[in-house]
Each structure stands twice: as structure tokens, then as C-alpha cells.
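Asks: Okay, handing you the structure first.
Laboratory data are not the source of any read-out in this text; all were calculated from the coordinates shown. No experiment lies behind these values; they were computed from the predicted model shown. Neighbour counts are summed over all protein chains in view; Cβ atoms, including those assigned to glycine, are modelled from backbone coordinates with ideal geometry.
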Amino acid sequence: MQLVVARIGRAHGIKGEVTVEVRTDEPELRLAPGAVLATDPPSTGPLTIATGRVHSGRLLLRFEGVADRTAAEALRNTLLIADIDPEELTEGEDEYYDHQLMDLDVVTEDGTEVGRITEISHLPSQDLFIVERPDGTEVLIPFVEQIVTEIDLEEQKAVIAPPPGLIDDRAEIDSSRDSDSAKDES
């Protein structure tokens with residue numbers, strides 16, 4: 001099975017280094033020197049990592065055969081893909097690979113059906129489940145423990161405790177203006 005582990009950003013310097021947006025919890029394993037990674041688009045790879053280092057909080061990689069800024073810039077926006085054993089589990093108890101979460105049924109804590117996870121969006125601040133509802137519409141669910149209270153892989157479901165307004169349009173809004181106008185009317 002293949003897993004996207006990073007996206008190549010812009011070139012850094014003149015010797016072929018690139019910044020990368022890390023998309024794995026195990027960069028020291030997946031993005032180590034010597035690692036051979038498939039790419040998307042496939043025409044840019046496979047790429048073998050020659051060196052890696054952290055500079056100003058960003059991971060910089062250099063690939064074998066990429067010796068200058070022009071070659072590095074040509075790799076921009078390329079996805080780096082690692083082959084992993086599908087039976088391999090993540091190290092942390094509450095960590096999951098995307099393929100484990102895809103197609104899980106999403107239900108609220110009281111058992112109300114919300115939909116099915118069709119995509120996972122990895123944003124800088126958090127991950128989002130894109131959930132297709134039974135009526136075909138989509139809802140975005142932040143993958144944070146305050147909202148996603150349980151992942152049950154055996155039962156193939158994700159249990160959520162959505163705040164008002166997340167999965168319906170009837171958000172409860174307490175406004176001081178509403179209470180002030182109610183006082184004025186009495």
C-alpha cells in the first residue's frame with residue numbers, strides 16, 4: 001500500500017535542496033537519507049533522499065540527481081509516496097493511517113447517523129474528515145478529540161460529539177443583544 005508522506009515545496013538555496021510539507025507522524029523513518037519514494041506525478045520519480053536537515057523549523061531534503069536550484073524547483077508540488085505494509089499499525093494508540101479511516105460510518109454519541117468518511121484533508125492546524133451525508137451533501141468534521149470522541153475500527157465507525165451548528169444549520173446562538181432587547185420589551 002502507498003502512503004503520501006510529504007509534499008515538496010519551493011527550492012531552498014542553489015544546491016538542490018527543497019522544503020517539504022511533512023504529512024507523516026514518522027518523518028525520521030519515512031524521510032530518512034537513502035529512502036526511495038514514489039512520486040505523484042509519477043514522471044518526477046522515483047526519488048532517493050540524499051540528505052535531510054531542519055532549518056528554521058522546516059525540513060529540507062536533497063535528492064540524488066538533483067544538483068541545482070532549477071532541478072529542485074521543477075519538483076515543486078510533487079507528492080512523495082512511501083510503500084508500507086497494509087498490516088503495519090501506527091505506533092500511538094490514537095494514531096491512524098488515512099486508509100484505516102476511509103469509509104468509516106460517522107455517528108453521533110446518541111447513535112444518529114451522520115454519514116461516511118469519503119476524504120481526509122490535512123491542514124496545517126488540524127485534519128478534517130470530509131463526510132458524505134445520506135442525502136449526498138458533505139459536512140466537514142475537525143479530527144480533534146473534543147469532537148471525534150471514538151474511532152472503532154472493528155465496528156467501522158467514528159463517534160462524534162458535534163458542537164451546535166457543525167452538522168446542522170440550527171446553531172444555538174446566545175447573544176447579549178438578544179437578551180437586551182428582550183429586557184427592553186418587558
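Asks: If you plug each phi of region 15-30 into the Karplus form 6.51 cos²θ - 1.76 cosθ + 1.60 with θ = phi - 60°, what whole-Hz ³J(HN,Hα) values come out, in order, with x for Gly and Pro?
Replies: Result, rounded to whole Hz: 9, x, 7, 10, 7, 9, 8, 6, 10, 9, 7, 10, x, 5, 8, 7.
Asks: I've got another one for you. So who's got an amide H within less than 5 Å of the one on residue 106, skipping anything under 5 residues away but keeping other chains? H placed 1.01 Å off N, in plane.
Replies: Placed amide hydrogens put 114, 115, 116, 117, 158 under 5 Å from residue 106.
Asks: Of the peptides 97-106, 71-80, how do they stack up when ordered by the mean number of other Cβ atoms within 10 Å, highest first?
Replies: Descending packing order for the listed peptides: 71-80, 97-106.
Asks: Given H placed on each backbone N at 1.01 Å, which residues far from residue 35 in sequence or on other chains put an amide H within less than 5 Å of it?
Replies: Here the answer is 49, since their amide H atoms fall under 5 Å of that of residue 35.
Asks: Here's a follow-up. Quick one: Karplus J couplings for region 41-53, per residue in order, coefficients 6.51, -1.76, 1.60, θ = phi - 60°, nearest Hz, x for Gly and Pro?
Replies: The phi angles translate into x, x, 5, 8, x, x, 10, 10, 6, 8, 9, x, 7 Hz.
Asks: Taking the Cβ-Cβ separation of residue 55 and residue 119 as r and a Förster radius of 30 Å, what is the calculated FRET efficiency to the nearest 0.05?
Replies: 0.40
Asks: Sorting check: for 158-164, 24-30, 133-139, which peptide has the highest mean count of neighbouring beta carbons within 10 Å, and how do the rest follow?
Replies: 158-164, 24-30, 133-139
Asks: Which FRET efficiency value, to the nearest 0.05, do you get for residue 76 and residue 155 by plugging their Cβ-Cβ distance into 1/(1 + (r/R0)^6) with R0 = 35 Å?
Replies: Computed FRET efficiency for residue 76 and residue 155: 0.25.
Asks: Now, a different point. What residues qualify as long-range amide H neighbours of residue 150, i.e. H under 5 Å apart, gap of 5 or more or another chain, H built at 1.01 Å from N?
Replies: 159
Asks: I need the phi-derived Karplus couplings for region 59-66: 6.51 cos²θ - 1.76 cosθ + 1.60, θ = phi - 60°, integer Hz, Gly and Pro marked x.
Replies: 7, 10, 10, 10, 9, 4, x, 10
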